[in-house]
1. Of all residues in segment 2-34 being within 16 Å of the ligand (Cβ to nearest atom) and farther than 16 Å from residue 46 by Cβ, which is surrounded by the fewest Cβ atoms within 10 Å (Cβ to Cβ)?
2. Assess whether residue 37 counts as being modelled with pLDDT under 90, touching a strand residue (DSSP E or B) at 6+ places or on another chain (Cβ under 7 Å) and either within 16 Å of the ligand (Cβ to nearest atom) or in a loop (DSSP other than H, G, I, E, B) (or both).
3. State whether the residues of segment 60-71 include one that is surrounded by 12 or more Cβ atoms within 10 Å (Cβ to Cβ), out of contact with any strand residue (DSSP E or B) (no Cβ under 7 Å at 6 or more places or on another chain) and on the phi < 0 side of the Ramachandran plot.
4. State all residues of segment 10-47 that are touching a residue at least 24 places away in the same chain (Cβ under 8 Å) and more than 19 Å from residue 65 (Cβ to Cβ); if no residue qualifies, say none.
5. Count, please, the residues in segment 40-63 that happen to be under 17 Å from residue 11 (Cβ atoms) and within 11 Å of the ligand (Cβ to nearest atom).
Ligand SMILES: [Zn+2]
């Protein structure tokens, strides 16, 4: 795999980021949460225990949500 940073942003462009490192796995999930999150029939998810996210802009706009207990 090359070392070209992966870049991304939110739809309005306020949040921009780079990701560097290796990805361990890639899943396309169609569970109810992924459908709701993506607003489509599925969500594409990358997983990595070591990759780093470098926030270029808008980090203060990021929110983290957890699953309710028992779900
Ligand atoms: Zn899912």
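The values are calculated or read from the model by the stated rules, or taken from the named source; none is laboratory data. Computed from a predicted model, the values in this text were never measured in an experiment. Every residue, glycine among them, receives a Cβ derived from its backbone with ideal geometry; neighbour counts consider all protein chains shown.
1. Taking segment 2-34 as the starting set, the residues that turn out to be within 16 Å of the ligand (Cβ to nearest atom) are 25-34.
Filter again for farther than 16 Å from residue 46 by Cβ, leaving 30-33.
Values: 30: 11, 31: 10, 32: 8, 33: 12.
Checking each candidate, the answer is 32.
2. Yes, satisfied.
3. The answer is no, given that none of the residues of segment 60-71 is surrounded by 12 or more Cβ atoms within 10 Å (Cβ to Cβ), out of contact with any strand residue (DSSP E or B) (no Cβ under 7 Å at 6 or more places or on another chain) and on the phi < 0 side of the Ramachandran plot.
4. 16, 18, 19, 20, 21, 22, 23, 24
5. Adding up the residues that qualify gives 2.
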